[in-house]
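Asker: This is the structure I have questions about; it appears just below.
Values in this text are rule-based calculations from the coordinates and carry no lab data. These figures come from a predicted structure and were not determined experimentally. Note that we place each Cβ from the backbone using ideal geometry, even for glycine, and neighbour counts take in every protein chain shown.
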Amino acid sequence: MNYRLARTVLACVVTLGLAAPSAHATTGYFLNGYGGKARGIGGAGVAFPQDSMAPAINPAGLSFVGRRLDFGVTAFSPKRDGALDASFLGGASSSENSGSTLFAIPGGGVSQPVTNRITLGLAMVANGGLSTRYNRNIYDQALAPAAGVPVGAIPNTGTLGVNLAQALALPTIAFKLTQNHSLGASLIIGFQTFRAYGLGDFAAFGFSSDPAHLTNNGNDKVWGFGSRVGYTGKLTSWLTVGATYATKVNMSKFSDYSGLFAEQGDFDIPSNYAVGLAVNPTPRLTFALDAQKIKYTDVASISNAGPTAAEFTAPLLGQPTPRPLGTENGYGFGWDDIWVFRFGVRYAYNSQWTLRGGFAYNQEVYDDDQALFNILAPAVIRKHLTAGFSYSPDAHSEWTVSYQHAFKETQDNFYDTGNILGPGTGYSADNSMHQNALGIEYAYRF
C-alpha cells in the first residue's frame, strides 16, 4: 500500500472513530455486529471474517481479509416508550414516547499484510450506547403529586433523558501460525461520553449520595483501555472455527455524574467472549454461527439492582434510602450477563453480487422488576432479523448494504407496596422498544 495513501486512510478511519459516539445499540447496549457484512448475516463473524472491521469481533480474522480499506455509516432508528403509574400512591400516571429516533453510526477499518505471516490493522467502531429523551418528564409527572409537590416545581425536572455513547479504536496484529491457522491481538482504546438530564426528583427526594453530580451537568467524556485476543482456524476445506475474548475496558470515572453511577461514577465496558463456526458446503455458500457471552455483571453501575418497592417508597415516608445512587452498592439498572446467538447465510451469486441474511437472539437483559430505572435505558430487544448484499463493480471497489430489524419487546412490572403503605397501594413501570437500521459501506481492495 502506498504510504501517503495509508496515512490518508488512517486519518479517515480515526475521524470515523471519533465521530462514533453518536451511536446507540441493541444487545443490551452493544451493537449486534460490526461492519455491514457481519450485520447482514445476523452479526456473526467470529469464524467468518469479511472485512477490516474483523478485529471488533475477532482479531485473528484479520489474517484472512487481505489488504483493504472499509468505511461506512448506518442510519439507526430506535423507537422507545416509557410509562410510570403512581396513581395508587396518590401520584399520577405518565407515559411518553422518546424523541431522538435517528442516529448516524459511522465505522471503518484498514488492513495491511506486512509479511506472509503478519497482518496489521486498525478498526474504529461504535461499540454501542443508550439514549432516551422524553419531552414530558415521566418521573416528575407521576411522582411529584405523590409527594405533594407541583409538577415542574423541583429544579432539573424538565426534559428527561440520558445519552451514553461508546467508541473503540482497535490497533491489531494477526499472526498466521500456518496457512490456515491464525492468532490475533488488539489493544482496545475506549472513549465514552455521557450526559443525564431531568433527574431532579431523585436529588430532591434524597436518592443520591451527591446531588450536585447527579443530573444536568452536560457531557462528560472519559477514556480507558483493554485488550482482545482471538484464534481462527480452517480445520477442513469446508469448516472454520474461531474463538475470542475481550477483557473489561477499564474507563476513568464520570466525575460529573459521581452521584448517579455506582462507585462514584464508574462505568467500565464489560468483558465478553465468543465462539463461532463457519461451514462452506460449496465455495459460494457459507453458514455462520456465533455464541457470545456479555458480562454486564462486570460493571456495578449497570448490574446493581434498582430499588425495591420498599426502598423506593422510603423517602416518601421521610426515611433515608438504603442504597443511594453513586455509592458502591448504589442503585443501578439490574442488568444480567447474557448469551447472544447469531446465525447467518452468505451466498456469492457471481463475481459481482453477494447476498446475505441472518437472525440473532439474545437473553433478556433485565427482569421485569427492574423496569422502573430502565425507563431511561429500555434495553428490551431480544430478536433481530437482518439482510444485505454487496456489489463489486470492479476488482477493487465494493459496496455493501445492510438492513436490520429488531422486533418490538415490552417489559412491565407492578411494585406492590401494600405491606408498607396499606392495601391497594403500589406503582407500575413499563418499557418497550423496536428498531430499524440501514447501512451502506464502501471498500477498496488493494
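Asker: What's the number of the only condition in (1) farther than 15 Å from Gly344 by Cβ; (2) among the small types (Gly, Ala, Ser); (3) surrounded by fewer than 24 Cβ atoms within 10 Å (Cβ to Cβ) that Ser301 fails to meet?
Answerer: Among (1) farther than 15 Å from Gly344 by Cβ; (2) among the small types (Gly, Ala, Ser); (3) surrounded by fewer than 24 Cβ atoms within 10 Å (Cβ to Cβ), the lone unmet condition for Ser301 is (3).
Asker: Can I ask one more? Please determine whether any residue of the stretch 369-392 is out of contact with any Gly (no Cβ under 9 Å at 6 or more places or on another chain), surrounded by fewer than 22 Cβ atoms within 10 Å (Cβ to Cβ), under 19 Å from Ile440 (Cα atoms) and in contact (Cβ under 8 Å) with a residue 24 or more places away in the chain.
Answerer: yes
Asker: Would it be correct to say that Asn280 is out of contact with any Cys (no Cβ under 9 Å at 6 or more places or on another chain), over 22 Å from Gly226 (Cα atoms) and surrounded by fewer than 23 Cβ atoms within 10 Å (Cβ to Cβ)?
Answerer: On the way: out of contact with any Cys (no Cβ under 9 Å at 6 or more places or on another chain): yes; over 22 Å from Gly226 (Cα atoms): yes; surrounded by fewer than 23 Cβ atoms within 10 Å (Cβ to Cβ): yes.
Yes: the conditions hold for Asn280.
Asker: Out of Ile188, Ile138, Ile173, which single residue is more than 27 Å from Ile375 (Cβ to Cβ), crowded, with 21+ Cβ neighbours inside 10 Å and among the β-branched types (Val, Ile, Thr)? First the steps, then the outcome.
Answerer: Details: Ile138 fails: more than 27 Å from Ile375 (Cβ to Cβ); Ile173 fails: crowded, with 21+ Cβ neighbours inside 10 Å.
Of the residues listed, the single one that is more than 27 Å from Ile375 (Cβ to Cβ), crowded, with 21+ Cβ neighbours inside 10 Å and among the β-branched types (Val, Ile, Thr) is Ile188.
Asker: Only one of (1) more than 25 Å from Asp290 (Cβ to Cβ); (2) assigned to a strand (DSSP E or B) fails for Ser390. Which number is that?
Answerer: Looking at each condition in turn, Ser390 falls short on (1).
Asker: Quick check on the stretch 107-129. Is at least one of its residues farther than 30 Å from Phe76 by Cβ and of a type in the set (Lys, Arg)?
Answerer: yes
Asker: Restricting to the stretch 93-129, count the residues that are out of contact with any Lys or Arg (no Cβ under 9 Å at 6 or more places or on another chain), closer than 19 Å to Ala56 by Cα and surrounded by 17 or more Cβ atoms within 10 Å (Cβ to Cβ).
Answerer: Result for the stretch 93-129: 13.
Asker: Could you check the stretch 374-410 and list, in sequence order, the residues that are of a type in the set (Asp, Glu) and either farther than 30 Å from Gly66 by Cβ or touching a Leu at 6+ places or on another chain (Cβ under 7 Å) (or both)?
Answerer: Just the residues of the stretch 374-410 that are of a type in the set (Asp, Glu), to begin with: 394, 398, 409.
The one that is of a type in the set (Asp, Glu) and either farther than 30 Å from Gly66 by Cβ or touching a Leu at 6+ places or on another chain (Cβ under 7 Å) (or both): Glu409.
Asker: Out of the residues in the stretch 342-352 that are in contact (Cβ under 8 Å) with a residue 12 or more places away in the chain and not in a strand (DSSP E or B), state the one that is surrounded by the fewest Cβ atoms within 10 Å (Cβ to Cβ). Explain how you work it out, then say what you get.
Answerer: First, the residues of the stretch 342-352 that are in contact (Cβ under 8 Å) with a residue 12 or more places away in the chain: 342-349, 351-352.
With the extra rule that they be not in a strand (DSSP E or B), the set shrinks to 349, 351-352.
Working: Tyr349: 10, Ser351: 8, Gln352: 12.
The extreme case among them is Ser351.
Asker: Shifting gears a bit: Of all residues in the stretch 163-210, count the ones that are in contact with a Pro (Cβ under 6 Å, 6 or more places away or on another chain), hydroxyl-bearing (Ser, Thr, Tyr) and closer than 20 Å to Ser131 by Cβ.
Answerer: Here the count works out to 1.
Asker: Exactly one condition in (1) more than 30 Å from Arg323 (Cβ to Cβ); (2) in a helix (DSSP H, G or I) is false for Leu355; which is it?
Answerer: (2)
Asker: Could you look through the stretch 283-330, keep only residues that are part of a helix (DSSP H, G or I) and among the small types (Gly, Ala, Ser), and pick out the one that is farthest from Tyr366 (Cα to Cα)? Even if it seems obvious, please write down each step before you answer.
Answerer: Initially, the stretch 283-330 is screened for residues part of a helix (DSSP H, G or I), giving 296-298, 300-303, 309-313, 315-317.
Those left that are additionally among the small types (Gly, Ala, Ser): 300-301, 303, 309-310.
Values: Ala300: 14, Ser301: 14, Ser303: 9, Ala309: 17, Ala310: 20 Å.
Result: Ala310.
Asker: Could you say whether any residue in the stretch 258-265 is touching a helix residue (DSSP H, G or I) at 6+ places or on another chain (Cβ under 7 Å) and without any contact (Cβ under 8 Å) to a residue 40 or more places away in the chain?
Answerer: No.
Asker: Restricting to the stretch 404-416, and then to whatever is without any contact (Cβ under 8 Å) to a residue 40 or more places away in the chain and among the aromatic types (Phe, Trp, Tyr), can you tell me which residue is surrounded by the fewest Cβ atoms within 10 Å (Cβ to Cβ)?
Answerer: Filtering first and then ranking leaves Phe407.
Asker: Could you grab me the full set of residues in the stretch 123-147 that are without any contact (Cβ under 8 Å) to a residue 40 or more places away in the chain and more than 30 Å from Gly190 (Cα to Cα)? It would help to see each step written out before you state the result.
Answerer: Of the stretch 123-147, the ones without any contact (Cβ under 8 Å) to a residue 40 or more places away in the chain are 133, 135.
Once the filter is applied, which keeps residues that are without any contact (Cβ under 8 Å) to a residue 40 or more places away in the chain and more than 30 Å from Gly190 (Cα to Cα), the stretch 123-147 yields only Asn135.
Asker: For Trp339, which of the numbered conditions (1) in contact (Cβ under 8 Å) with a residue 40 or more places away in the chain; (2) surrounded by 14 or more Cβ atoms within 10 Å (Cβ to Cβ); (3) assigned to a strand (DSSP E or B); (4) under 20 Å from the mean Cα position of the chain (by Cα) fails to hold?
Answerer: It fails just one condition, (2).
Asker: Collect the residues in the stretch 211-251 that are in a loop (DSSP other than H, G, I, E, B) and either touching a Pro at 6+ places or on another chain (Cβ under 9 Å) or more than 29 Å from Phe261 (Cα to Cα) (or both), keeping them in residue-number order.
Answerer: First, pick out the residues of the stretch 211-251 that are in a loop (DSSP other than H, G, I, E, B): 214-219, 235-238, 247-248.
Selection gives Asn216, Leu235, Thr236, Ser237, Trp238, Lys248.
Asker: Show the residue pairs that are 6+ apart or on different chains and have beta-carbon atoms under 6 Å apart, the first residue being within the stretch 89-117 and assigned to a strand (DSSP E or B), the second being surrounded by fewer than 19 Cβ atoms within 10 Å (Cβ to Cβ) and basic (Lys, Arg).
Answerer: Correct list of pairs: Glu96/Arg136; Gln112/Arg67; Pro113/Arg67.
Asker: Return only the number of the condition from (1) on the phi > 0 side of the Ramachandran plot; (2) free of Cβ contacts under 8 Å to residues at least 40 places away in the same chain that Gly326 does not satisfy.
Answerer: Single failed check for Gly326: (2).
Asker: Does Ser209 satisfy being of a type in the set (Gly, Ala, Ser) and either in contact with a helix residue (DSSP H, G or I) (Cβ under 6 Å, 6 or more places away or on another chain) or within 30 Å of Phe48 (Cβ to Cβ) (or both)?
Answerer: Details: of a type in the set (Gly, Ala, Ser): yes; either in contact with a helix residue (DSSP H, G or I) (Cβ under 6 Å, 6 or more places away or on another chain) or within 30 Å of Phe48 (Cβ to Cβ) (or both): no.
Spelling it out, it is not the case that Ser209 is of a type in the set (Gly, Ala, Ser) and either in contact with a helix residue (DSSP H, G or I) (Cβ under 6 Å, 6 or more places away or on another chain) or within 30 Å of Phe48 (Cβ to Cβ) (or both).
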